Amino acid sequence: MIRLKVFISSVQKEMRAERIAIGAFLSTDDFLRECTVPRIFEEYPQPLFPNPKAYLDLLRQCQIYLLLVGSQYGIDAGDGLSATHEEYRLAQELKLPTLICIKGARRAKREQAVNAFLKEIEAAKHTYSRFENEAQLLDIVGKRLREHIEITYSTVPLKAQIEQSALTHQSASEFERGMLDAMTYEDLDPELMLDLTASAEERDKERILPDEIPRLLLSRGYLWKDVDTLRPTVAGALLLARKPGMALPQARVQMEAFPGTDRNAEALDSEIFDAPLSKAVERAVAFIRRNTPKPLIVKGLKRVKAEVYPAEVLREVVVNAVAHREYSDRGIKISIEVFTDRLVVSSPGLPPGGQSVSLLSSGHARPRARNPLVVQGLSWLELMDERGSGIPRMARILEQTGHPAPLFRIDHDCLVVEIRPANERESEPSPETAEKKERNGIEHSPRGLILEEVRSSGRIATRICVQRLGIPSATAKRLLAELVEEGVLIMEGSGRSVSYRLKGTDLSRL
């Protein structure tokens, strides 16, 4: 698959929002995120030996030049030209494919230097497009880039990608691209930033320099530059801030565990999490498991404690809540309630794109993302995988483990999901019946699929679990780590070349 670096050029302050929007668009569009990599230059952090023309060095690494022209020309960067004008001339010298978008009508009021710049562009016989708002700009950029990729590389988007891109564009909220001024780069988690950057860039973490991370995150819409200070956007804070609730109190997750089937009694346990979304998911799952009774079931010839709710289902329902909630509503948090007879997860906002509850329940709803930058970030952090596969996968696992189907409803502008324990269990099953039931469950569980694959091929990797077996990446990594710890598998290699082979354990006994 081609990976074309797109240099997004403009007067920085005037077109800041448009640059963030394009970077986010290229990172979340189903087709373009596979074919392009956005590049936006910001002089931050200041190196020990500043390179006044570093933006030109970055441009030389790119394959497409995208110029945004507004009403301002920019300050003189030397030789009487602005940095944007210098970038344009270098792009022409390098013969880069050039896409030019001009904001406003032909007669719009512009600085004199801008008018002269536009005459130079017209003299070079460049075609250009005009736009009035962000939606028009993204539509133009998307069409022009797809045309260039199709003509130059004979690569066209699949019909499903075109349809999904349209659905995302219709459902996406601008709120997640909002520029927060209550946080700085120092409020973000360095480890999470490195993980997200490495995954987005498809590079080993060891090969990413610390100075690269700010620029790469800014290019994708997770950061913005406020004069000389880098700050997160809303999506950047939700995914990467140590405590996103500092600026976004609605990002906190409220959890309560009750001793009965209603809220009449005082909660046995309660907690409010203020953590980046990936860590909030882990803490929420731990809270639910800690407050859920573990019944005894027969496993082989022994009675052992079992989880009431499959771990994959808990992760899926919490991930969906944090990924798709309406974050512009500052007055309400995600609520997770644990009762003795059910788990209730309430996520602020109606289903994205106006989908009905019945359509969600059917498993046939088309994936729509209210927060595509958040969804993509969670995917890069390996908390989400295939878009639109979460609810059907959750329903399938519940059915396989004897649980009722999940219930969806709307309550006070919140989407509520209820998960209930499995149907009546056999109180005293025979060892043969229990072992047969356990074997059938294992064969269809993610762990069973991994064991079956490694039994037949002798080796497995996370990408095989995801691509061939349809197991979420985060789940696959966790299960593979457990199998290594149990002595079933041996891990070999490092970075993206890690694979797992059999250690010689008799898998038929597992």
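A few points about this structure:
- Applying the condition of being in a loop (DSSP other than H, G, I, E, B) and touching a Gly at 6+ places or on another chain (Cβ under 9 Å) to region 14-45 and asking which residue is surrounded by the fewest Cβ atoms within 10 Å (Cβ to Cβ) yields Glu14.
- Summed over region 1-13, residues that are modelled with pLDDT of 90 or more and surrounded by fewer than 23 Cβ atoms within 10 Å (Cβ to Cβ) total 4.
Conditions tested, residue by residue: (1) in the same structural domain as Leu56 (by TED's automatic domain parsing); (2) touching a strand residue (DSSP E or B) at 6+ places or on another chain (Cβ under 7 Å); (3) hydroxyl-bearing (Ser, Thr, Tyr).
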residue	(1), (2), (3)
Tyr88	yes, yes, yes
Ile102	yes, yes, no
Lys109	yes, no, no
Gln112	yes, no, no
Ser129	yes, yes, yes
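- If only residues of region 453-463 that are surrounded by 15 or more Cβ atoms within 10 Å (Cβ to Cβ) and out of contact with any Phe, Trp or Tyr (no Cβ under 6 Å at 6 or more places or on another chain) are counted, the one that is modelled with the lowest pLDDT is Glu453.
- Some residue of region 168-180 being more than 19 Å from the chain's Cα centre (by Cα), loosely packed, with under 14 Cβ neighbours inside 10 Å and in a helix (DSSP H, G or I): no
- Any pair with Cβ under 7 angstrom, 6 or more apart, that starts in region 367-386 at a residue that is farther than 16 Å from Gly354 by Cα and ends at one that is buried (at least 24 other Cβ atoms within 10 Å of the Cβ) and of a type in the set (Lys, Arg): Leu373/Arg177
- Residue tally, condition in contact (Cβ under 8 Å) with a residue 12 or more places away in the chain and assigned to a loop (DSSP other than H, G, I, E, B), over region 315-359: 16
- When region 411-438 is limited to residues that are loosely packed, with under 14 Cβ neighbours inside 10 Å and under 16 Å from Glu326 (Cβ atoms), the one that is modelled with the lowest pLDDT turns out to be His412.
- Residue satisfying condition, being acidic (Asp, Glu) and within 30 Å of Thr340 (Cβ to Cβ), within set Asp262, Asp204, Asp211, Asp228: Asp262
- Odd one out for Asn51, checked against (1) modelled with pLDDT under 90; (2) not in a loop (DSSP other than H, G, I, E, B): (2)
- Within region 57-107, the set of residues being more than 18 Å from Arg130 (Cβ to Cβ) and either in contact with a His (Cβ under 7 Å, 6 or more places away or on another chain) or of a type in the set (A, V, I, L, M) (or both) comprises Leu58, Leu59, Ile64, Ile75, Ala77, Leu81, Ala83, Leu90, Ala91, Leu94, Leu96, Pro97.
The values are calculated or read from the model by the stated rules, or taken from the named source; none is laboratory data. The shown structure was predicted, so the numbers you read here are calculated from the model rather than taken from an experiment. Please note: Cβ atoms are built from the backbone with ideal geometry, for glycine as well, and neighbour counts cover all protein chains shown.
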